[in-house]
Amino acid sequence: MRRIGSALLAASLLAGCGGSEVEPSSQPLVQQQAPLTTTDVDVAPECQGILGFVNTASFQKLDAYLPSDVATNLVNRRAASSFVSLADVSSVALVGPARLQQLAGGARTEGFIGSSCVGIMDGLALSSDDAAAIVSLVNTLSDSELHDVLPYAWNGAVNLLNLRPFTSAQDISNVAGIGDVSLRNIRNSATLSRPFEALVNAVNAQPQDNYNATMARHFDWWQVVTTNGTYHQPSLECFGLEPSSVPYGATVRPYLADAAEVRGVVNGAVSVANRFNGIPSGVISAGLANLDARTAGRSFKGCYMSYANDPWSGHSVAIFVDTVNGFSLMTDTYWAE
């Protein structure tokens, strides 16, 4: 954050760089530190043909694109069980990043994948839509959110900020400090909350009157916490931040938020925004189901704050940021006399 003199320092406020974190008693620390989850698929639907090629091409066909010993290893392994992911393919002896690229090239040449599959980058087979979403996200994220998304790649985040704007996902993949985990975190942030983001947009599209709510998925949490409230800011409570990084005037709650707390706050905001039933029920159900999938078993840092721009109105704001992968959201409920 340039506002406080250092991108790395500001990012550490919610990402927990260099300090101890308050962990919830219900979740082991080792689980919180795991950079990937079992739901992190590494092949986009548009790229499934790569696996189809590996699983069905004859030895002679594979041998045309790979060294013979590699083709032999793949054929022997698939005889026991079909490949289900790039990680699965990579577990075969002699198969590394270069061999994955050769397999993708073979799959494209043989018609197993088309232009909707961009290719393999840092262990991910990306669709053209996913690649475009990655570029858009990296080019527009605030520095605080980007560091939260990349808690294990401080240098990579700084390099992205210094080199953007980017025109391709491959250029992002090539940046020093961006590897398999980092690109996957970026992909997840750019693509895995689309139904919830549709709900956010629907909430924000509702008529604004003397009692309403808005939400945000991508935002600069530090700017929100430190600059809102031109009239007065009666309360600011934060949790999960390093003691030396708590915003001025805030009190500190000694425990993190969990999925139930996040869901409760979002439910409240959606109810306020939808009090005239202007949001389609399908958008609400899909958005909340997506939110549940993204928050289940997770822990969150963040802040609750209230502020007023004049004596006749007020805002109640809640901010949550996943302590590991940077998934973030904000709700803002507004009232006026």
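The values are calculated or read from the model by the stated rules, or taken from the named source; none is laboratory data. Everything quoted here is computed from the prediction, not taken from an experiment. Because the Cβ atoms are built from the backbone with ideal geometry, glycine has one as well, and the counts that use them run over all protein chains shown.
Observations
- Region 256-278 - residue that is of a type in the set (S, T, N, Q) and part of a helix (DSSP H, G or I) and, of those, surrounded by the fewest Cβ atoms within 10 Å (Cβ to Cβ): S271
- Some residue of region 79-99 being small (G, A, S), modelled with pLDDT of 95 or more, crowded, with 17+ Cβ neighbours inside 10 Å and not assigned by TED's automatic domain parsing to the domain that holds F327: no
- Filtered residues of region 279-313 (kept if surrounded by fewer than 24 Cβ atoms within 10 Å (Cβ to Cβ), small (G, A, S) and touching a Phe, Trp or Tyr at 6+ places or on another chain (Cβ under 6 Å)): A308
- Residue check for N212: among the polar types (S, T, N, Q) and either surrounded by fewer than 17 Cβ atoms within 10 Å (Cβ to Cβ) or within 20 Å of V149 (Cβ to Cβ) (or both): no
- The conditions of being at pLDDT 95 or above, among the charged types (D, E, K, R) and not in a helix (DSSP H, G or I) are met by D332.
- Looking across region 282-311, just one residue is charged (D, E, K, R), farther than 19 Å from E145 by Cα and not in a helix (DSSP H, G or I), and that is D310.
- Of the residues in region 55-73, at least one is under 34 Å from the mean Cα position of the chain (by Cα), closer than 18 Å to S85 by Cβ, at pLDDT 95 or above and part of a helix (DSSP H, G or I).
- Being part of a strand (DSSP E or B) and assigned by TED's automatic domain parsing to the domain that holds F300 is true of L236.
- Out of T140, T167, T109, sole residue that is closer than 21 Å to A57 by Cβ and among the polar types (S, T, N, Q): T109
- Residue that is surrounded by the most Cβ atoms within 10 Å (Cβ to Cβ), among those in region 154-190 that are under 27 Å from L241 (Cβ atoms) and of a type in the set (G, A, S): A157
- Meets criteria (surrounded by 19 or more Cβ atoms within 10 Å (Cβ to Cβ), in the same structural domain as A198 (by TED's automatic domain parsing), under 13 Å from the mean Cα position of the chain (by Cα) and of a type in the set (S, T, Y)) for T331: no
- Extreme residue, farthest from V321 (Cα to Cα), among residues of region 158-181 that are at pLDDT below 95 and part of a helix (DSSP H, G or I): D180
For (1) more than 24 Å from I50 (Cβ to Cβ); (2) assigned by TED's automatic domain parsing to the domain that holds V265; (3) touching a residue at least 12 places away in the same chain (Cβ under 8 Å), each residue gets a yes or a no:
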| site | (1), (2), (3) |
| --- | --- |
| V149 | yes, no, yes |
| A157 | yes, no, yes |
| L160 | yes, no, yes |
| P165 | yes, no, yes |
| I172 | no, no, yes |
| G179 | no, no, yes |
| L183 | no, no, yes |
| P207 | yes, yes, yes |
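- For region 195-211, the set of residues classified as of a type outside the set (G, A, S) and either in contact with a Pro (Cβ under 8 Å, 6 or more places away or on another chain) or modelled with pLDDT of 95 or more (or both) consists of P195, F196, E197, L199, V200, N201, V203, N204, Q206, listed by residue number.
- E242 in contact with a Cys (Cβ under 9 Å, 6 or more places away or on another chain), of a type outside the set (A, V, I, L, M, F, W, C) and surrounded by fewer than 20 Cβ atoms within 10 Å (Cβ to Cβ): yes
- Check on L199, over 12 Å from the mean Cα position of the chain (by Cα), over 21 Å from S306 (Cβ atoms) and assigned to a helix (DSSP H, G or I): yes
- Looking across region 117-153, the residues that are assigned to a helix (DSSP H, G or I) and surrounded by fewer than 18 Cβ atoms within 10 Å (Cβ to Cβ) come down to S128, D129, A132, S136, N139, T140.
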